[in-house]
Amino acid sequence: AHLDRIEAVDGDVRAFLHVDADGALAAAAAVDERRAAGEALGPLAGVPVAVKDNIATLGLPTTAGSRILEGWVPPYDATVVEKLRAGDLVVLGKTNLDEFAMGSSTEHSAFGATRNPWDLERIPGGSGGGSAAAVAAFEAPLALGTDTGGSIRQPASVTGTVGVKPTYGGVSRYGALALASSLDQIGPAARTVLDTALLHDVLGGHDPRDATSLPDPWPSFAEAARAGALDGAVDGLRIGVPRAIATGEGFESGVTERFTEALDALEARGATVTWIDTPHFAYAVAAYYLIMPAEASSNLARYDSVRYGLRSEVAGNPTVERVMSATRAAGFGDEAKRRILLGTYALSAGYYDAFYGSAQKVRTLVQRDFADAFAQVDVLAAPTSPSVAWKLGARVDDPTAVYVADLTTIPANLAGVPGISVPGGLADGLPVGIQFMAAARDDARLYTVGAALE
Ligand code: GLN
């Protein structure tokens, strides 16, 4: 049914870069057989799932939305993909993204933009617009994303779906094509909080192949989501609203209205709401756009024309350096080049302390703001994005305006804390997302609060 749905709508939505119909049907048939044989299967056995194309899939092309990886077929599965297969889920295919997950609109994919199923003239968010659009358009019930600065939560927000960035280290990054390693986090996307939680239960847990993977066991997120549907689920819950990322310039009035209604609804059910100051959040975007390009410029150095994907022909004397330079010039798009330049500049001798060093100090201050906040409240709430989905093309010439709009999602990445985006109704017929953040390792609480609002 999902393959039929993809066939029917993906020509318009363009959520998928690669659909593995044969593989999906074979995997589904194998699950059916085992079910018929009376084998015990996982709770998501047979459920199709779409995988963002910056996560390695054995035998299936993985491009990260970039020409530089065209033709590369990974010889291994990312840990999360192994876990999907071990949990008997059915991998449908790979979803579109901004090149190497840099962007907020999916327009920076080398393979063309994905459309928002709510309005095909609008962006589906980014970088994981493909995963969010696939879920919103009923092409897949579940999807995987990566969130370095909001790429799971913001697409969820503008497509009326649910997206979660787990605690840093909560889900293995092994096999995720690294963008900014200290910020990157794989997480689940779906149409309901419970579905997202069920997928997170499959993905989570320690992985010795990821040095930053947390060793601790996790509670059942599905149970936490189910608890959110019960009476009294948020009774006594202390919600803090960081003023700096909930109001001000750029917040559309429809977004503010839906956010205020969400807070009122939770208050009516026994939660308390306090506005709080997080003095360093104001600098989070500036710090992020130094740290993220710095790490990205280093991670993307591996695309050297020798190890992966594209290799450009060079006339005359094809030295390693000339081939590498021609390949990178042809293989990377404008946004990737912009960030490689920003990052190498920020890391260069003489500027390192002024830029990268200062940004790391700001990062520590943002982490302290979170620690102070979580000493007073249980969760933080803010709009997931200051705006609803904008028109395709409307912001492509103004990267800074797009970067600034990441202010709501970036603090969680800088601090490594978990965040969820849940649908909060419509403004002018377009979805608005409500975001909750919790202290590190407190992901379960987000599923309870998210389900309560749902
Ligand atoms: N908008 C963010 C950026 O462009 C999103 C990055 C991400 O989460 N992958 O960096």
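Rule-based calculations on the coordinates, nothing more; no lab input. Just so it is clear, the model here is predicted, and its values are computed rather than measured. Using ideal geometry, Cβ is built from the backbone for each residue, glycine included, and neighbour counts are taken over all protein chains shown.
For segment 272-324, trypsin sites (Lys or Arg not before Pro) are listed when DSSP marks them as loop and at most 13 other Cβ atoms sit within 10 Å of their Cβ; the list is ARG307. Most tightly packed first, judged by the mean number of other beta-carbon atoms within 10 Å of their residues, the peptides 441-447, 232-238, 130-136 read 130-136, 441-447, 232-238.
Find which of GLY125, ALA371, VAL135 sits farthest along the positive direction of the dipole of the chain, computed with +1 on the beta-carbon of Lys and Arg, -1 on that of Asp and Glu, about the Cα centre. So the residue we want is ALA371. Taking the Cα centre of the chain as origin and assigning +1 to Lys and Arg Cβ atoms and -1 to Asp and Glu Cβ atoms, the resulting dipole is close to 900 debye. Sequentially through segment 344-361, phi angles give Karplus couplings (6.51, -1.76, 1.60; θ = phi - 60°) of 5, 5, 4, 9, 6, 3, x, 10, 3, 5, 5, 9, 5, x, 5, 4, 5, 5 Hz, Gly and Pro residues having no value and appearing as x. Segment ASP428..ASP398, full-extension length gain: 8.4 nm, with 0.36 nm per residue of separation and the alpha-carbon distance subtracted. Dividing the helix sum by the residues of the chain, where each DSSP H run of 4 or more adds -39500 (n - 2.57), gives a mean residue ellipticity at 222 nm of -11500 deg cm²/dmol. Selection among ALA282, ALA211, LEU263 by position relative to the dipole of segment 197-292 gives ALA211 as farthest towards the positive end (Cβ unit charges, Cα centre). Summary of packing: across the peptides 352-364, 408-420, the per-residue average of other C-beta atoms within 10 Å ranks them, highest first, as 408-420, 352-364. For GluC sites (Glu not before Pro), the sites in segment 266-353 that DSSP calls loop and that have at most 13 other Cβ atoms within 10 Å are GLU313.
Of the peptides 7-14, 97-104, 29-36, the ranking by mean beta-carbon count within 10 Å, highest at the top, reads 97-104, 7-14, 29-36. Simple rule: put +1 on each Lys or Arg Cβ and -1 on each Asp or Glu Cβ in segment 223-340, find the dipole, and look at THR319, ALA336, PRO293; the Cα lying farthest toward the positive end is THR319.
Distance between the pseudo-spin-label points of GLU249 and GLU223 (7 Å out from Cα toward the beta carbon): 4.8 nm. Evaluate E = 1/(1 + (r/R0)^6) for ASP235 and VAL73, where r is the Cβ-Cβ distance and R0 equals 60 Å; express this FRET efficiency to the nearest 0.05. Once the sixth-power term is evaluated, E becomes 0.70. Available extension along the chain between ASP442 and ARG5 is 153.7 nm, counting 0.36 nm per residue and deducting the alpha carbon span. In straight-distance terms, cross-link reach from LYS361 covers every one of the lysines whose alpha-carbon lies under 30 Å from its own, apart from those fewer than eight places away in the same chain; here that gives LYS165, LYS337.
With a Förster radius of 51 Å applied to the C-beta separation of TYR345 and LEU41, the computed FRET efficiency comes to 0.45. Summarising the label geometry, the points placed 7 Å from Cα in the beta-carbon direction at ALA301 and ALA282 lie 3.6 nm from one another. Label-to-label distance for ASP264 and HIS206 is 4.8 nm, based on points extended 7 Å past Cα in the beta-carbon direction. 3J(HN,Hα) couplings calculated from phi for segment 307-320 with the Karplus curve 6.51 cos²θ - 1.76 cosθ + 1.60 (θ = phi - 60°) are, in sequence order, 7, 9, x, 4, 9, 7, 6, 10, 6, x, 8, x, 6, 4 Hz; Gly and Pro show x.
Only Cα sites of the chain enter the Debye sum here, all with the same form factor; the resulting log10 I(q)/I(0) across q = 0.07, 0.10 1/Å is -0.32, -0.66, listed in q order.
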